[in-house]
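The structure appears right after this line, and notes come after that.
The values are calculated or read from the model by the stated rules, or taken from the named source; none is laboratory data. Bear in mind the structure is a predicted one, so any value in this text is a computation, not a measurement. Cβ coordinates were reconstructed from backbone atoms using ideal geometry, including for glycine residues, and neighbour counts include every protein chain displayed. Note: accessible area is taken over every heavy atom of the protein model, side chains too, but ligands, DNA and RNA are not part of it. Shrake-Rupley method; radii C 1.70, N 1.55, O 1.52, S 1.80 Å.
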Amino acid sequence: MTRHPFEVLEDGTRIYSNGRVYTPKTGRVYARRKPPDEAVEGFVRFAGVWLPPLPLLPGEGRSWPETRPDTDAYHHMTKPRKCRCYVCLRPESQRWKDLWRKGLPLRF
Ligand SMILES: [Zn+2]
C-alpha cells in the first residue's frame, strides 16, 4: 500500500497528491480505549464501557462475618486440654460439646 503525500489546509482538509480531498469530521470519537479520567485508578472496561471504581473500603477497614462453624467445638473436644478458642467459648457450641460427651457421632 502506497500512501500519497498530502498537504493540510487551515480547516484540516487534506489534499492528496492524487487529487483526492478528505475533510476530517469534527467531534467524532472512533474508539475510547483509555478511561475518561486517567488520574483516577480503578476504572474497569466492560463491554466497551468504562465503569468508575466503586466506593469501597480497603480490606483492613472491612469487618467480615464469623465463618467458623459451631461443629468445630465437637472436634476440639479431643484435644488433651480444654480448648479456649473462640468457637469453643461461644454458647452455641455447647450443643456440639454435649454431643461428643454422650459419645454420639457428629450429624447435621
Ligand atoms: Zn476450640
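Looking at the range 14-68 only, could you name the residues that are open to solvent by less than 100 Å² (accessible area, probe 1.4 Å) and in a strand (DSSP E or B)?
Arg14, Ile15, Tyr16, Val21, Tyr22, Val44, Val49, Trp50, Leu51
What is the number of the single condition among (1) within 16 Å of the ligand (Cβ to nearest atom); (2) modelled with pLDDT under 90; (3) more than 36 Å from the chain's Cα centre (by Cα) that Gly12 does not meet?
Only one criterion is unmet by Gly12, namely (1).
Looking at the range 59-108, which of its residues are away from the ligand (no atom under 12 Å from the Cβ) and basic (Lys, Arg)? Give the steps one after another, and end with the answer.
Pass one, the range 59-108, residues away from the ligand (no atom under 12 Å from the Cβ): 59-67, 80, 91-92, 94-95, 98-99, 101-108.
Across the range 59-108, the qualifying residues are Arg62, Arg95, Arg101, Lys102, Arg107.
The rows are residues; the columns are (1) without any contact (Cβ under 8 Å) to a residue 12 or more places away in the chain; (2) charged (D, E, K, R).
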| position | (1), (2) |
| --- | --- |
| Trp50 | no, no |
| Asp70 | no, yes |
| Lys79 | yes, yes |
| Cys83 | yes, no |
| Leu89 | yes, no |
| Glu92 | no, yes |
| Trp96 | no, no |
| Lys102 | yes, yes |
| Arg107 | yes, yes |
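Out of the range 69-94, which residues are exposed (fewer than 12 other Cβ atoms within 10 Å of the Cβ) and not in a helix (DSSP H, G or I)?
Residues of the range 69-94 that are exposed (fewer than 12 other Cβ atoms within 10 Å of the Cβ), as a first pass: 78-82, 84, 86, 89, 91-92.
Answer for the range 69-94, where residues must be exposed (fewer than 12 other Cβ atoms within 10 Å of the Cβ) and not in a helix (DSSP H, G or I): Thr78, Lys79, Pro80, Arg81, Lys82, Arg84.
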